[in-house]
Each structure stands twice: as C-alpha cells, then as structure tokens.
Amino acid sequence: MTLVVFVRCQDGCILASDRKASSIIGNREESKIKHNNAGWAIAAAGDDASAIMALFSALDGNTVTPSNIKNLVVNTLGTYNRTSSIRVNCIVLTALDEGVTADRVETIEFGDVRAASENITSNFECIGEAAPVAVAQHYLKNCDYGQVACDNAVPEVLAILKQASKEGNAVGSQQDFGFDVVALRTHDCAQLIRVTDEWAVASIQFSEVTGERPHFDFHDYENGAV
C-alpha cells in the first residue's frame, strides 16, 4: 500500500508520501509521486506497485498537460484494471490560471475500462493503508493550512507523515526509505525527493512550471513540528 497526504494551503497544494514499494520479490524504494513542470502532479497508493509504475510510465509516454492529465489517469487505470484486478487510488493536482485543483481517481471493479474520478473540495485528504491514514487524519483535522503558505506547511506535513508511518506495516519509515514531497502553486512548483532529515525547516525555492528543476533548501532546527 503506502501513505499519501494531500494538503490544500493558502497559495497552493502539497502532496507527500513514503517511498516503500512492496512486491512478491521483496521491498524496494520507489517514488509514489510524479510531477511535471507543465503544471501537474500525481501521487498514488495501491495494492500493486507495478500498476502504479505502469501508470507513471504511461504519463511519461504522452504529452501530458493540466487539462488532460485526469482523463489520461482515468483511462490508463481502467485499461490496466481490465486485465488485472488492482486497487489503486490517486490524487491528481493541476495548476490552472484560477488556482490549483485536486481530484481523486480510483479503480472501481475488475473489468471496468474507466476509473472513478471526483473533485476534492476538502482541505486535506489521505489515501493508503488504513491505520496510517487514520493517524494522519487525526493530526490534519486540527490544522488550518488554508491560512498557511506551502513553504511553511511542508515541515508539519512531513512530521505528520512520519508519525503516521509508524502505525502501518506497508508504509515505509522516514529513516529507512525517506519521504517525497511536491508543492504546486498556480505558476510554479517545488519538489524534494527522499527526505531523511528527522527535524528540518524547509525553505522552498519555487521554480516556474516551465523552468529548471526545483529543489528545497533545508536548515536544521532543534524542536519538532508535531
């Protein structure tokens, strides 16, 4: 499975996830988040890591834009589910002129050629293994990130992800696998791969969606965020 945390902030949206991928041959590291400087990002959780990687590969092979990514995800998951019974949940972010929108896309029943899609109107959403999801939701329900900028919210989201990851069997720990984060705003984005810092303040340097690869600049501090 995995754990994906979505948070809607004052100036954009955040996706954060663990990196543990389980298969019949054992555990490995794999990013569950993919983003593109065209202005979109996607995170996925499910019972079959190969299906998620197939979805990400399909996105690599297409001209993907904020206006067509949701349909591509819906059709790709449906096609995959037609031949292999899978359970996959995705959160798709798209940066449009009026702001960043979020949609949840998930497989329905084996044999369906399309997945189900719905707009996320809440300020947060968690998908993945049940126990870690419940812990993450417990913390997030008391946070009003709608009044907080993305760069200020990232450290707390990472701390919540760390706390929640301790409650699951299929969710990788920060120490062993690291966490991935993407922050998407209307005209720019930032990404950090494999965060292993136990306590850190993330000072995000955003890049335009058509610009160079974004990154985070980390500064250690003594007290935790949760």
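Quick note: the coordinates plus some simple rules give every number you see, no bench work behind them. Predicted, not measured: the structure shown is a model, and the values here were computed from it. Positions of Cβ are generated from backbone atoms using ideal geometry, with glycine treated the same way; all protein chains shown enter the neighbour counts.
Points worth noting:
- Per-residue packing, averaged as other Cβ atoms within 10 Å, sorts the ranges 63-73, 38-48 into the order 38-48, 63-73, beginning with the highest.
- The residues packed around Val73, meaning those with a beta-carbon under 11 Å from its beta-carbon, carry a net charge of +2 if Lys and Arg are +1 and Asp and Glu are -1.
- Cα-projected label distance for Ser57 with Thr79, points at 7 Å along beta-carbon direction, nm: 1.2 nm
- Taking packing as the residue-averaged number of other Cβ atoms within 10 angstrom, the listed peptides 181-194, 140-153 run from highest to lowest as 181-194, 140-153.
- Net length gained if the chain between Ala134 and Asp176 were fully extended (0.36 nm per residue, minus Cα distance): 12.9 nm
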